[in-house]
1. Within the range 234-246, take every residue that is surrounded by fewer than 19 Cβ atoms within 10 Å (Cβ to Cβ) and in contact with a strand residue (DSSP E or B) (Cβ under 8 Å, 6 or more places away or on another chain) and give me the one that is nearest to Asp318 (Cα to Cα).
2. Looking at (1) under 25 Å from Asn98 (Cα atoms); (2) under 24 Å from the mean Cα position of the chain (by Cα), which is the one condition that is false for Asp30?
3. Any idea which of Arg161, Arg146, Arg178 is loosely packed, with under 15 Cβ neighbours inside 10 Å and either among the β-branched types (Val, Ile, Thr) or within 21 Å of Val422 (Cβ to Cβ) (or both)?
4. Give me the strands (runs of 3 or more DSSP E) completely within the range 220-309, filtered to those with at least 1 residues that are touching a helix residue (DSSP H, G or I) at 6+ places or on another chain (Cβ under 9 Å) and over 20 Å from Tyr454 (Cα atoms), ordered by residue number.
5. Would you call Glu358 of a type in the set (D, E, K, R) and free of Cβ contacts under 8 Å to residues at least 24 places away in the same chain?
6. Would you mind telling me which numbered condition in (1) in a helix (DSSP H, G or I); (2) buried (at least 17 other Cβ atoms within 10 Å of the Cβ); (3) outside the structural domain of Ile223 (by TED's automatic domain parsing) Glu75 fails?
7. Is it the case, given these coordinates, that Asp9 is within 20 Å of the chain's Cα centre (by Cα), over 20 Å from Ala472 (Cβ atoms), assigned to a helix (DSSP H, G or I) and not basic (Lys, Arg)?
8. Can you tell which of Asp329, Asp271 is modelled with pLDDT under 95 and either of a type in the set (D, E, K, R) or at positive phi (or both)?
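The values are calculated or read from the model by the stated rules, or taken from the named source; none is laboratory data. As the structure is a prediction and not an experimental result, all values here were calculated from the model. Here the Cβ positions follow ideal geometry from the backbone for every residue, glycine too, while neighbour counts run over all protein chains shown.
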Amino acid sequence: MNREEVFTDWKEREAKAEAMVPLIGGLYRDLNVESSVFGRLLMKRSVIDILKAHRFVRQVEGEELSVHDTYPVLETIKKLNVRNAHVDVGKLAVKFRNEGNGRDLEAFLKDELEDAIGAGEREPTDVVLYGFGRIGRLLARLLIERTGGGQALRLRAIVVRKGNADNDLEKRASLLRRDSVHGSFKGTIQVDEENQALIANGNMIKVIFADAPDSIDYTQYGISNALVIDNTGKWRDEDGLSLHLRATGVSRVALTAPGKGIKNIVMGVNDGDIEADDKILSAASCTTNAITPVLKALCDKFGVENGHVETVHAYTNDQNLIDNYHKGDRRGRAAGLNMVLTETGAAKAVAKALPEMEGKLTGNAIRVPTPNVSMAILNLNLKSETSKEELNAYLRDAALHGPLQKQIDYSNSPEAVSTDFVGSRAAGVVDALATIVNGNRCVLYVWYDNEFGYSCQVIRMAQKMAQCTLPAFPKNK
């Protein structure tokens with residue numbers, strides 16, 4: 001194409017993406033239909049974000065996918081009255097292109113989405129965030145972002161200790177409104193002093209000041225059968241976390257840290273272990289979530305004899321800004337000036353979600369002077385030989401088409417650096433160009449947003465606990 005044709009093509013695709021925005025929004029608000037393109041969510045995204053989601057398929061898969069392919073799919077989904085479903089319009093468009101067999105699009109989609117046509121409504125689950133630190137605020141953003149669909153998870157309250165400042169609520173609102181790593185909150189936030197609440201994008205979120213979990217009566221705030229997400233890390237075992245269950249109005253508890261003596265869940269790997277009567281569950285650690293899905297994929301295809309994981313991890317709140325006393329070894333040294341060698345329990349914790357890795361992994365960690373996004377380096381001995389090309393092709397397929405699609409992402413950019421993965425919703429992103437293979441030995445480099453990507457995994461676990469995970473279409477074979 002010449003320059004004029006290229007520009008005309010861009011304008012046409014941009015116009016089509018603009019027309020998709022209200023269609024995507026209406027499907028989500030009115031019918032609780034989440035839409036994506038090969039796993040990349042489209043709700044509440046800009047026109048450029050929608051176009052980039054389509055471009056990703058070509059960059060990674062080598063297959064052209066255009067908004068001209070996906071727009072008719074969205075139109076037909078609305079016409080068919082599809083409800084309460086996660087629909088990958090990119091996959092459906094490609095599948096129709098390859099397997100339509102002369103049928104019209106409506107007939108094809110009727111068959112593909114039969115179970116979601118006219119589906120019934122869902123009862124929402126009240127959610128309480130206990131603690132409002134780095135993870136707590138990101139969980140709040142993710143929960144607020146989902147307002148407008150079926151609202152299966154409704155953020156009703158945040159529990160914190162009363163600060164010393166008179167303008168405590170304003171300070172909480174400011175921390176939610178602005179973030180040095182993740183940018184500004186997408187929406188509006190108001191402080192309602194009279195009702196002791198924050199109003200975020202129309203959601204009234206009570207702010208409850210308390211010193212102990214079991215001292216709160218949530219029913220006084222209109223909250224019942226709530227799922228409490230404890231992101232303080234203060235309690236890690238069943239005895240401590242059971243304090244939440246003694247509060248009136250609480251039915252379940254999720255922990256955003258590795259748990260002791262309770263189920264540690266890595267979504268996509270062992271979420272099948274979640275039972276309806278489970279009251280307390282842990283979402284494990286960010287590093288365990290980053291590496292376990294990749295290890296599961298490798299175990300399923302090649303088998304893993306043993307290996308070592310080294311995490312190059314962003315500094316965290318428990319380190320000192322300047323040299324000072326710290327109960328942990330080395331973590332007292334200035335986080336912004338040093339690489340700090342420390343330990344990680346993630347390697348051993350993998351076996352809690354993936355029992356076949358029991359005793360096969362060692363691990364260590366280096367804290368580095370960056371505020372977010374970490375990397376796990378997996379040095380593994382496989383049970384069968386492979387090649388770099390075969391291994392990367394397998395992981396690319398897992399990222400685009402497999403059951404671990406939400407957990408594993410894939411990058412083949414020669415210029416990618418850590419900040420490029422801020423905001424990644426995957427548990428981990430395989431850097432394909434860095435992969436090393438020699439017979440049955442391989443080294444994989446896995447990026448992960450240890451704050452936002454992990455928070456997305458926590459939300460997925462919360463949905464599973466509340467039994468409100470949307471069925472995904474097209475169904476995996």
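1. Arg236
2. Answer for Asp30: the failing condition is (1).
3. Arg178
4. Result: 226-230, 250-255.
5. So Glu358 fits the description; yes.
6. (2)
7. Here the answer is no, as Asp9 does not meet what is asked.
8. Result: Asp329 is the single residue among Asp329, Asp271 that is modelled with pLDDT under 95 and either of a type in the set (D, E, K, R) or at positive phi (or both).
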